[in-house]
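Throughout, read-outs are computed from the coordinates displayed, never taken from laboratory work. All values reported here derive from a predicted model rather than from experimental measurement. Ideal geometry is used to build each Cβ from the backbone, glycine not excepted, and the neighbour counts take in all protein chains shown.
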Amino acid sequence: MKKLLILFLLISLNQFYIQAQDIIIVGDNALNCLEDPNCINRLHPAIPMTSVAKPVDTIYFNSRNCDDLDLNPDAPKDPRLGGPEWGTVHPMAGPVYIEGAETGDVLKVTIQKIIPGDWAFTLTEGGFLSDEVGNTLSVKWKLNSEYATSDDLPGIRLPNRSFPGIVTVLPGIEQHAKILDRESELLKAGESVMMPYAKYASPIKICGEGGTFSAECLRTIPPREQGGNLDIRYLQTGVTIYLPCELPGCGLAIGDVHYIQGDGEVSGTALEMDATVIVTTEILKDGPKLGRGPHYEGSSSLLNIPSKRFYATTGLPIKDREEIPSNLAYLASKKIPQLENLSKDISLAAKNALLEMIDYISQTYGYTREEAYLIASVAVDLRIGQLVDVPNVNVTAILPLDIFVKD
């Protein structure tokens, strides 16, 4: 009788847990971003949340490809395509208000599954070697759950390594102002930066032509401290991403899903597709310190490292005002001390990723900074996330967790 009672209680608790969870569906990848009320392609703290989810819920983000195109081969050419400012880039499903999340929390986002669409495209236009390889090439890919092939590029079969290029939360008011200021300074210094642009911007009432903040909505081209266009190919199914919550509810948004990508995404595009990204979230009141960029972790099966698990930090080319990075001191440039953002500086990005990792090892495992520096020297891999999302290239530092054993 006692065993039956315990079994009944366990079944009741399990049923309650299942009922407590909901499936939240965000976005419709049959619609373009201007038509879909659950889609944004700019970032600003005033953008309203489109959905609400509890941390126990499963969220389905239905996202369009990076150019917001109908990829069906029979679809007519989209009149919004092209233009110097790429106004349609990048559609993101969201933002989602996470119940219970407060400013200062860390949002833990775990990718449970990615369902690819039927088609993808790749372009060689711009990118890391635009001055060396000037000709434009466009390739359309047919997708299934296992691999991609193309009549435009016969003899190639690419395995499914799907991941979202963009995982982000909305910027806070102070952080947004700081980003806008430093990127404006970078533009004035003569560097390539995509500043706010209202044409094809969504949501229209906030960021579009005539919108309340049309001159302030951030473009999604570069990654920033709150996430964004990270383009790190290791953010696949099973990986967990840690993002700083800068507004109540955080405002989680996901987009720019890639079927597969090489390190660096050097041509400017990967296999760009429509997709559904399924995630769960958790709110951390005492999470990792995220001063220089998001963190992520997952199975080492995604990496060629001697460990079953890993932890990684990211770095962007951002610095304190008046600071001159040592590798640039010989230039004696008057511009460098006045900038907080150095465009496409892979060395500074790598330095920041490594500093984040040293802080993480010290805070998590109790080593001194000097000891953590030594550990990083012998065990941490530095890899390039992307080289094309100007002005902020991205470096990730990867720590194999199996090197740590119990005393």
Problem - FRET efficiency, 1/(1 + (r/R0)^6) with R0 30 Å, evaluated for residue 212 and residue 381 via beta carbons - result: 0.10
Exercise for the section: Just check the range 145-271 against the gyration tensor rule for me: Cα atoms, a ≥ b ≥ c as the square roots of the eigenvalues, rounded for a/c under 1.5, and otherwise prolate or oblate depending on whether a/b exceeds b/c. Expected result: prolate
Problem - Residue-wise HN-Hα coupling along the range 69-81, computed from phi with Karplus coefficients 6.51, -1.76, 1.60 (Hz; x: Gly, Pro) - result: 9, 7, 8, 4, x, 8, 5, x, 5, 6, x, 7, 5
Practice task
Compute the length gained on full extension between residue 142 and residue 195: take 0.36 nm times their separation in residues and subtract their Cα-Cα distance, giving the result in nm to one decimal.
Solution key: 15.7 nm
Problem - ³J(HN,Hα) computed for each position of the range 116-127 - Karplus, 6.51 cos²θ - 1.76 cosθ + 1.60, integer Hz, glycine/proline x - result: x, x, 8, 9, 8, 9, 9, 10, 9, 8, x, x
Handout entry: Integer Hz, Karplus 6.51/-1.76/1.60 couplings in order for the range 333-348, x for Gly and Pro
Key = 7, 6, 6, 4, x, 7, 9, 9, 10, 10, 5, 6, 8, 5, 5, 5
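Would you work out the charge dipole size for the chain about its Cα centre, treating the Cβ of every Lys and Arg as +1 and the Cβ of every Asp and Glu as -1, and quote it to the nearest 20 debye? Spell out each step's value before the answer.
Details: 35 positive and 52 negative charges, 165 e Å.
In debye, rounded to 20, the chain gives about 800.
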Practice task
Evaluate the distance, in nm, between pseudo-label points positioned 7 Å from the Cα of residue 123 and of residue 289 along their respective Cα→Cβ axes.
Solution key: 4.1
Problem - Label-zone membership for the range 367-407, site residue 178, 7 angstrom Cα→C-beta point, backbone N under 19 Å - result: 391-395
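Let me know the shape class of the range 309-392, please: from the alpha-carbon gyration tensor, a ≥ b ≥ c as square roots of the eigenvalues, rounded when a/c is under 1.5, otherwise prolate if a/b is greater than b/c, or oblate. If you can, show how the numbers build up before the last one.
Working: a/c = 2.51, a/b = 1.68, b/c = 1.50.
Prolate, since a/c reaches 1.5 and a/b exceeds b/c.
Counting only C-alpha contacts under 8 Å and six or more residues apart, can you give the relative contact order of the chain as a whole percent? Walk me through the intermediate numbers first.
Details: 1020 pairs, mean separation 83.4, N = 407.
This gives 20 percent for the chain.
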Exercise for the section: Taking amide H positions as placed in the peptide plane 1.01 Å from N, state which residues far from residue 90 in sequence (5 or more) or on other chains have amide H under 5 Å from it. Expected result: 220
Handout entry: Shape of the chain, Cα gyration tensor, a/c cut at 1.5
Key = rounded
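Which of the trypsin sites (Lys or Arg not before Pro) found in the range 146-195 are loop residues per DSSP with 15 or fewer other Cβ atoms within 10 Å of their Cβ? Could you put the intermediate results ahead of the total?
Values: sites: 157, 161, 178, 182, 188; in loops: 161.
Sites meeting the loop and neighbour criteria: none at all.
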Practice task
Kindly provide the helix-only [θ] at 222 nm of the chain, computed as the sum of -39,500 (n - 2.57) over DSSP H runs of four or more divided by all residues, to the nearest 500 deg cm²/dmol?
Solution key: -5500 deg cm²/dmol
Practice task
Subtracting the Cα-Cα distance from 0.36 nm times the residue separation, let me have the gained length for residue 309 to residue 188 in nm, one decimal.
Solution key: 39.2 nm
